[in-house]
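The block underneath contains the structure these notes are about, expressed in structure tokens.
Just so you know, all these numbers are worked out from the coordinates, no wet-lab data involved. Note that the structure is a prediction, hence the values are computed from the model and not measured. Note: ideal-geometry Cβ built from the backbone for every residue, glycine included; neighbour counts use all protein chains shown.
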């Protein structure tokens with residue numbers, strides 16, 4: 001059996017796009033799926049990440065598996081149509097298929113929703129026996145214990161800054177208004193046994209690790225146990241966390257001792273009322289500066305994420321945010337346009353108010369393009385302000401000021417800042433026409449809803 005696993009990418013993030021190696025780490029979804037293929041199938045597996053290589057539509061395969069986020073869903077549908085035209089069955093999973101199973105089913109043979117640790121092996125055994133079903137859902141008894149190791153050997157290792165991407169947890173307990181995680185997987189966390197995480201980390205080559213968990217610190221006792229167990233490895237790691245990490249001194253000390261050198265943190269806004277409206281009340285703008293100082297004092301660099309377009313954002317929000325980022329020395333700022341992903345409370349609110357302008361034009365739902373009508377500015381003002389913030393934060397002066405102020409993880413952050421400088425310059429060129437080239441779009445077709453079962 002020949003299995004082809006594909007990670008489709010939107011135009012910006014494709015190999016031909018502007019997202020360079022200095023910003024790209026190996027994805028975990030494809031290697032995890034490859035590792036889950038039952039050994040008794042004796043399958044020949046190939047992985048294609050469109051971020052680092054072009055997809056050959058003539059690749060021989062008995063089965064194609066695609067995982068996609070919302071922004072890459074039209075590209076996924078296009079890929080599916082091309083392979084199905086050759087008689088190759090296609091399976092689709094990932095967050096978009098979980099959010100929109102009815103829509104996805106129009107373009108593929110089988111849809112997988114939720115986490116696939118149990119359902120994917122079951123699907124493959126069914127396929128081998130010619131009885132593959134149309135829909136596979138997440139097992140109610142899902143466990144992350146005793147999982148096979150991800151097949152990193154199938155990756156193009158030279159194309160990434162690291163292939164040591166891994167996960168200790170799944171899910172998130174928070175309920176941010178704009179986030180797809182609680183909608184797609186519920187407000188529940190799943191945990192790998194600490195000893196299994198540490199064993200995998202110990203066996204990875206080199207001294208660097210990257211955890212892609214949305215926020216493993218949401219269960220504080222689990223996080224502390226994990227950090228304690230990582231200390232003897234003497235490895236360095238980067239990952240994600242919420243602002244809560246600095247509110248527990250023991251947790252922060254253990255993270256530092258375990259080798260934490262960088263964290264992606266969702267600050268989202270520099271206005272407290274905006275955070276309240278977004279249901280992210282645990283963030284406190286007044287604490288941001290001191291929080292950054294605490295992390296920098298421990299040698300921990302910060303990739304800070306900020307979102308533009310909330311209902312009380314006006315045209316001044318861009319300058320206020322950029323000045324704030326410079327002032328508190330965010331090492332690697334990343335800006336996003338508020339995006340109403342399907343099924344989220346934000347989507348339902350804007351839909352009910354008639355404010356979504358590009359519904360089902362999923363290629364534009366990449367968090368870099370405006371797809372709705374803002375409350376206090378025009379869509380054009382939001383888009384141009386967003387572009388301006390990117391350019392301004394990645395001027396040579398801003399880069400020098402921020403990095404000179406923190407001096408953390410410079411061997412990674414200098415090339416990353418240069419990479420985002422190029423990204424910022426190229427971003428306005430990714431128009432709707434460019435983003436939709438090579439994708440499947442039928443604007444007259446009704447959108448499949450969350451209720452659309454197969």
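Using the Cα gyration tensor of the range 344-393, with a ≥ b ≥ c the square roots of its eigenvalues, what is the shape: rounded (a/c below 1.5), prolate (a/b larger than b/c) or oblate (neither)?
Prolate.
Within 10 Å, count the other beta carbons around each residue, average over each peptide in 365-371, 246-252, and list them highest first.
Answer by packing, highest mean first, reads 365-371, 246-252.
On the principal axes of its Cα set, how long, how wide and how thick is the range 234-433? Give whole Å, largest value first.
51, 34, 29
Tell me the volume per residue, in Å³, of the convex hull enclosing the alpha carbons of the range 2-136.
100
With only alpha-carbon atoms counted, please give the Rg and Dmax of the range 236-275, in Å.
Rg then Dmax for the range 236-275, in Å: 11.9, 36.
Eigenvalues of the Cα gyration tensor times 5, then square-rooted: what semi-axes does that give for the range 9-63, in whole angstrom, largest first?
One finds semi-axes of 25, 15, 7 Å for the range 9-63.
Counting only DSSP beta bridges with both residues in the range 225-370, what percent are antiparallel, rounded to the nearest 5?
Of the beta bridges lying entirely in the range 225-370, close to 0 percent run antiparallel.
Run lengths n ≥ 4 of DSSP H only: what is the helix-derived mean residue ellipticity at 222 nm for the chain, with -39500 (n - 2.57) per run over all residues, to the nearest 500?
Helix contribution divided over all residues of the chain: -10500 deg cm²/dmol.
Report Rg(Cα)/(2.2 N^0.38 Å) for the chain, keeping two decimals.
The reported ratio for this selection is 0.95.
What does DSSP give for the chain in terms of the percent of beta bridges that are antiparallel, rounded to the nearest 5?
Beta bridges within the chain, antiparallel portion: roughly 5 percent.
Over every pair of different alpha-carbon atoms in the range 273-312, take the mean of 1/r and invert it; report that Kirkwood radius in Å.
11.7
Once the principal axes of the Cα atoms of the range 126-223 are found, what is the range along each, listed largest first in whole angstroms?
41, 39, 27
May I have the extent of the alpha carbons of the range 53-97 along their three principal axes, as whole Å values ordered from largest to smallest?
26, 20, 15
How big is the convex hull of the Cα atoms of the range 139-187, per residue, in Å³?
139
Sort largest first and round to whole Å: the equivalent ellipsoid semi-axes of the range 154-299, each the square root of five times a Cα gyration tensor eigenvalue.
Three semi-axes, in Å: 26, 18, 15.
Using label points projected 7 Å from each Cα along Cα→Cβ, tell me how many nm separate residue 158 and residue 60, to one decimal.
2.5
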